[in-house]
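The values are calculated or read from the model by the stated rules, or taken from the named source; none is laboratory data. Fair warning: this is a prediction, and the values are worked out from it, not measured in the lab. Neighbour counts run over all protein chains shown; Cβ positions are idealised from the backbone, glycine included. Ligands, DNA and RNA are stripped out before the accessible areas are found, and what is left, the full protein with its side chains, is counted by its heavy atoms. Shrake-Rupley method; radii C 1.70, N 1.55, O 1.52, S 1.80 Å.
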Amino acid sequence: ADVPKQHSHEEEEEGPHGKPKSYRTEQLIDKRPIDASVFPYLVDDFEGANLKKWLNQDSGATKSAIVFVDDASSGAKAAKISFSGEQKTGSWTNLFYNLGVGGWPAGGNVVTFWAKAPKECRVRLKVNQGAQHDEWEFYQTDGLVIGTEWKKYTVPLAKLDEREWGHIAPPSGKVLTHIAFGIGFKEVDLPVEFLVDRIQIERVSAAESKR
């Protein structure tokens, strides 16, 4: 599914007519049936021919980039993600894999990925959600420390509890998987680069998902 170009962050908390938009209670509930057989659900292992599903909607003095590399945790290829520039008002990055609204498998409550960096760094995992632009919200983790050796990172959705940006007021306060359309990464340090491989959505028990 196509994703429209992101508007300015200065439009936060506003609907299409300048008034805050809020979710109705029924919009906060995922009513889709769960098919446990789809898990683990592979988002990207970077073994494909291109990176067209990855979008970078950056603005101002901060830039993101993603390219193939031959150094992989498994298989032949992984991706190198980099963030550069300066953190200034009116500048941001928005690098994500475009699942499309409805593309997140029902019941998926954990994101896993493999990563390493040339030198230890911090990045955030993020999820973009909203069935239409005036319902967009972006949620992210605290900084995840990426070490210099390949390691699998496991992130329950409950850890994506910091809202980076959004139109909804009051905020939904959590990732809503039935309207999530993107999984991506966000810089903490600048400049920074790291390798990522085998991004998956998994389903674990409620107790495990809160760890």
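Structure summary
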quantity: Selected residue (only one of Ser22, Ser37 is modelled with pLDDT of 95 or more and either open to solvent by 90 Å² or more (accessible area, probe 1.4 Å) or of a type in the set (Gly, Ala, Ser) (or both)); calculated: Ser37
quantity: When residues of the stretch 151-168 are limited to those that are surrounded by fewer than 16 Cβ atoms within 10 Å (Cβ to Cβ) and more than 14 Å from the chain's Cα centre (by Cα), the one nearest to Lys21 (Cα to Cα); calculated: Lys152
quantity: Residue in the stretch 176-197 that is farther than 24 Å from Thr62 by Cβ and open to solvent by 60 Å² or more (accessible area, probe 1.4 Å) present; calculated: no
quantity: Which listed residue, of Tyr153, Tyr139, is in contact with a strand residue (DSSP E or B) (Cβ under 6 Å, 6 or more places away or on another chain) and within 24 Å of Glu26 (Cα to Cα); calculated: Tyr139
quantity: Scan of the stretch 40-50 for residues that are out of contact with any Gly (no Cβ under 8 Å at 6 or more places or on another chain), in a loop (DSSP other than H, G, I, E, B) and open to solvent by less than 50 Å² (accessible area, probe 1.4 Å), ordered by number; calculated: Gly48
quantity: Scope the stretch 99-146; condition over 22 Å from Leu190 (Cβ atoms) and not in a loop (DSSP other than H, G, I, E, B); matching residues; calculated: Val110, Val111, Thr112, Trp114, Gln129, His133, Asp134, Glu135, Glu137
quantity: Tally, over the stretch 113-139, of residues that are of a type outside the set (Asp, Glu) and closer than 19 Å to Tyr23 by Cβ; calculated: 10
quantity: For Ala131: the one exception among (1) crowded, with 17+ Cβ neighbours inside 10 Å; (2) under 20 Å from Lys53 (Cα atoms); calculated: (1)
